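Visitor: There's a structure below that I have some questions on.
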Amino acid sequence: NEDVAKTCCSHPQDWIYKIQRLSDATSRELFFKKIFGSADKLPTDDLEEVSNSILKKCGGLPLAIESIGSLLASKINRSKQEWQKVCDNLGSELESNPTLEGAKQVLTLSYDDLPYHLKACFLYLSIFPENYVIKRGPLVRRWIAEGFVSQRHGLSMEQVAESYFDEFVARSIVQPVRIDWNGKVRSCRVHDIMLEVIISKSLEENFASFLCDSTSLLVSHDKIRRLSIHSSHKLVQTTSASVSHVRSFTMSASVEEVPFFFPQLRLLRVLDMQGCSYLSINTLECICRFSQLKYLSLRNTKVCKLPRLLGNLKLLETLDIRATLVKKLPASAKNLSCMKHLLVGHKEQLTRTASVKYLKPCSGVEMAPGVVKNMAALQSLVHIMVKEQSLVLREIGLLQKLRKLNVLFRNVEVNWKAFVESLGKLASSLRSLSIHILDEKEYSSSLDILAYVESPPLLLTNFSLTGKLKSLPPWISSLRNVSRFTVRKTQLHAEAIEVLGDLPNLLYLKLYHNSYVDDRIVFRSGKFTKLCMLVIDNLENTEMVHFEEGSVPNLERLTLSFLREPKDGISGLQNLQKLREIEFFGNIILSVVNKVVSCVKTHPNHPRVIGDKWNIVTEYA
């Protein structure tokens, strides 16, 4: 628990030592030493595979390795079948085997030590399958829909729920998977052994029930409250348990068919069908009868049209239809007056770290006039497609709780005035703004109209622009809170880099294709003082990238892609004292990579150089 360590610090400069998990090699050494008395003694070939499975579950935790090693050492029969039984039934072994009592007590302490308001959120982690990467945003929205989050004065429910998530990270209950450069954990995973304890507690308290491949329905009481399915469709179809009280239903992508009892789930509040490959019209129409529904995720499914009775879901707060084929909301959507998060669009990750993303042109959903203005509770509107409906643009200005807005424009030159007026009305609420002009024509719309926003959104932390822009709007220099700035197709010049360099809290800068048109891009001394990640992506005219001494002093990651080798190369890398990694992606030009590798060999921080092509990573230095 990090809070304990912080309490023990007597001076602000004291360091907290973060305990690392054991490496694979050290884990094996400890494991076999515990079983055979010597790390030199290796298991037979038939035990090798099951040993690897057990060690994977232990995940480098010494206590788990020692405890399970002791359990296996106590067994007279050291056969593959006996070890596999332990691996498959670790949950029940933790419950009943005295050898594992120590491990169980320590892990159970994590639960017992939690304040009351966090215990339900802790047990909720049991609904995700083993090794599942849990994303921060969907998880906190589900907690809210389940009623686990208490209102606090001065904070939104989302902010309170995010504080719960951060507490789990601080207590090491979850393992961070993706961490932003500002330290914010974007996704996490539950350790396999910890998951066994959570599932055990969850069943004990009738919190959740499970359908898994390796067993029948895991349920401890007559009434099923939350149901999570990670099985094949045959198992689901033969289940006869009563589901009339289910409040939350999660169906993993591996399930091949919607279960026969689906229409009986009339009291659902949370429904997550993310990644399910087969969702029929009948299934979607059935969902519209779940009148208590607050959270609905159809993300990454093949759904292309939402049913016309969608508006029956009058309590719906989150509708996640990202990475689907849905292009329009039905007219009945105007009845969704409780909607807080309308999430649309399809982003493709081009690197393993998700530092480079591409929004597919087919993204976005059209909304009929009159729909948006009835969604007065909206906090996130991502991504809305605007073609000619100036009324929709005016309605956006009525959303006084809107914090995140992503707008895609096609042929809307005449409607800019309405949008500019709406931005002015949202100045005090907006924290994230993304504006994309998708027209490819020479005479397409320009973003220069942004200069005329009378009350600009100066509290933005995230700002993204795609489209022509002769120069940055004058109010950009006043964005004192902005931490992420992304530009694409803006055709900016050197003076824009000077302006961005003075933003006091800028952490990420992404200069995508055609965002900068001068042949030299120079990062001047004293600029970008907090920037820790920089992306330079296929700037056509670039002949030189140079970092002056004293520029970008906190840069840790540099991500690059070039259409051709810059004539005057990349220079000044030795001035980036905190540089940890240089990443090339897309069309990787080996001559450029080799010159960078040669340059960083004498760098005091020894940054590694990698190439990421279609998420296949090659390390060069």
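Visitor: Can you list the aspartates and glutamates whose alpha carbon sits under 14 Å from that of K6, skipping same-chain ones fewer than 8 residues off?
Guide: Result set, ordered by chain and number: D14, E167.
Visitor: Explain nothing, just compute: Karplus ³J(HN,Hα) = 6.51 cos²θ - 1.76 cosθ + 1.60, θ = phi - 60°, for every residue of the range 449-460 in order, whole Hz, x for Gly and Pro.
Guide: Per-residue couplings from phi come out as 4, 4, 4, 9, 5, 6, 10, x, x, 6, 9, 4 Hz.
Visitor: Right, next: Under 25 °C and 0.890 mPa s, how fast does the chain diffuse according to Stokes-Einstein, given a Kirkwood radius computed over C-alpha pairs? Answer in µm²/s, whole number.
Guide: D = 90 µm²/s.
Visitor: Right, here's the next one. What is the sum of charges, Lys and Arg at +1 and Asp and Glu at -1, for the other residues whose Cβ falls under 10 Å from the Cβ of A170?
Guide: -2
Visitor: Now for a different question. Between their Cα atoms, which of K340/K470; K294/K327; K373/K404; K401/K468 are more than 26 Å away from each other?
Guide: The pairs that break the limit, which is 26 Å between Cα atoms, are K340/K470; K401/K468.
Visitor: As a quick test, which of the pairs K85/K613; K33/K119; K347/K417; K425/K510; K425/K578 have an alpha carbon distance above 31 angstrom in this structure?
Guide: Beyond 31 Å: K85/K613; K33/K119; K425/K578.
Visitor: What ranking of L563, L402 comes out by heavy-atom accessible area, probe 1.4 Å, highest first?
Guide: From most accessible down to least: L563, L402.
Visitor: Here is a follow-up. Report Rg (one decimal) and Dmax (nearest whole number) for the range 292-331, counting Cα atoms only, units Å.
Guide: Cα only, the range 292-331: 10.0, 26 Å (Rg, Dmax).
Visitor: Want the number for K530 to Q81: 0.36 nm per residue separation, take away the alpha-carbon distance, what's left?
Guide: Values: separation 449, 0.36 × 449 = 161.64 nm, distance 5.57 nm.
That pair, K530 and Q81, stretches by 156.1 nm at full extension.
Visitor: At 1.4 Å probe size, what's the solvent-accessible area of R480? Round to the nearest 10 Å².
Guide: So the heavy atoms of R480 present about 150 Å² to solvent.
Visitor: Continuing with this model, one more query. Give the accessible area for R269 in Å² (nearest 10); use a 1.4 Å probe, count only protein heavy atoms, and leave out ligands, DNA and RNA.
Guide: 90
Visitor: Using a 1.4 Å probe over the heavy atoms of the protein chains, calculate the carbon and sulfur portion of the accessible area of the range 321-432 as a whole percent.
Guide: It is 53 percent, rounded to a whole number.
Visitor: Could you give the accessible area per residue of the chain, probe 1.4 Å, as a whole number in Å²?
Guide: Details: 28260 Å² over 621 residues.
Solvent-accessible surface per residue comes out at 46 Å².
Visitor: Using all Cα-Cα distances in the range 123-174, what percent lands in each 5 angstrom bin from 0 up to the longest?
Guide: Per 5 Å bin, starting at zero, the Cα-Cα P(r) for the range 123-174 comes out as 4, 19, 29, 27, 14, 4, 2, 0 percent.
Visitor: Give the cross-link partners of K223 among the lysines, using a straight C-alpha distance below 18 Å as the criterion and excluding same-chain residues fewer than 8 apart.
Guide: Partners found: K201.
Visitor: Shape verdict for the range 28-86, please, from the Cα gyration tensor: rounded (a/c under 1.5), prolate (a/b greater than b/c) or oblate.
Guide: Rounded, since a/c falls under 1.5.
Visitor: For I589, what accessible area in Å² do you get when you roll a 1.4 Å probe over the heavy atoms of the protein chains, rounding to the nearest 10?
Guide: 40
Visitor: For the range 276-315 and the range 326-371, what is the separation of their Cα centres, given in Å?
Guide: When both Cα centres are located, 15 Å separates them.
Visitor: Hey, another quick one. At most 14 other Cβ atoms within 10 Å and a DSSP loop assignment: could you name the GluC sites (Glu not before Pro) in the range 416-523 that fit?
Guide: E440, E442, E454
Visitor: Mind ranking L590, L405 by accessible surface for me, highest first, 1.4 Å probe?
Guide: So the residues, ranked largest to smallest area, are L590, L405.
Visitor: Could you work out the local net charge near P62, counting Lys and Arg as +1, Asp and Glu as -1, over the other residues with Cβ closer than 13 Å to its Cβ?
Guide: Result for the neighbourhood of P62: +2.
Visitor: Of all beta bridges DSSP finds with both residues in the range 308-445, what is the antiparallel percent, to the nearest 5?
Guide: 15
Visitor: What's log10 of I(q)/I(0) for the range 272-389 at q = 0.14, 0.21 Å⁻¹, Debye sum over Cα points only, no solvent?
Guide: -0.57, -1.24
Visitor: Rounded to the nearest 20 debye, what is the charge dipole size of the chain about its Cα centre when +1 sits on each Lys and Arg Cβ and -1 on each Asp and Glu Cβ?
Guide: 1580
Visitor: Can you give the local net charge around S525? Use residues other than it whose beta-carbon is closer than 10 angstrom to its beta-carbon, Lys and Arg +1, Asp and Glu -1.
Guide: On the way: positive: R524, K527; negative: E548, E549.
After counting each charged neighbour, the total is 0.
Visitor: Give the shape of the range 262-308 as rounded, prolate or oblate, defined through the alpha-carbon gyration tensor: a ≥ b ≥ c are the square roots of its eigenvalues, a/c under 1.5 means rounded, and otherwise the shape is prolate if a/b is larger than b/c and oblate if not.
Guide: Cα axes put the range 262-308 in the prolate bin.
Visitor: List, in order, the whole-Hz ³J(HN,Hα) value for each residue of the range 322-338 obtained from phi through the Karplus relation with A = 6.51, B = -1.76, C = 1.60 and θ = phi - 60°; use x for Gly and Pro.
Guide: Values per residue, Gly and Pro as x: 5, 6, 10, 9, 5, 10, 9, 8, x, 4, 5, 4, 5, 7, 7, 6, 8 Hz.
Visitor: How many Å³ per residue does the convex hull of the Cα positions in the range 415-549 occupy? Please list the in-between numbers first.
Guide: Details: hull volume 13.1 nm³, N = 135.
Each residue corresponds to 97 Å³ of Cα convex hull volume.
Visitor: Further question on the same structure: Of the accessible area of the range 515-581, with the probe set at 1.4 angstrom, what percent is carbon plus sulfur?
Guide: Result for the range 515-581: 42 percent of the exposed heavy-atom area is carbon or sulfur.
The values are calculated or read from the model by the stated rules, or taken from the named source; none is laboratory data. This is a predicted model, so every value here is computed, not measured. Cβ coordinates were reconstructed from backbone atoms using ideal geometry, including for glycine residues, and neighbour counts include every protein chain displayed. Note: areas computed on protein heavy atoms with side chains; ligands, DNA, RNA excluded. Shrake-Rupley method; radii C 1.70, N 1.55, O 1.52, S 1.80 Å.
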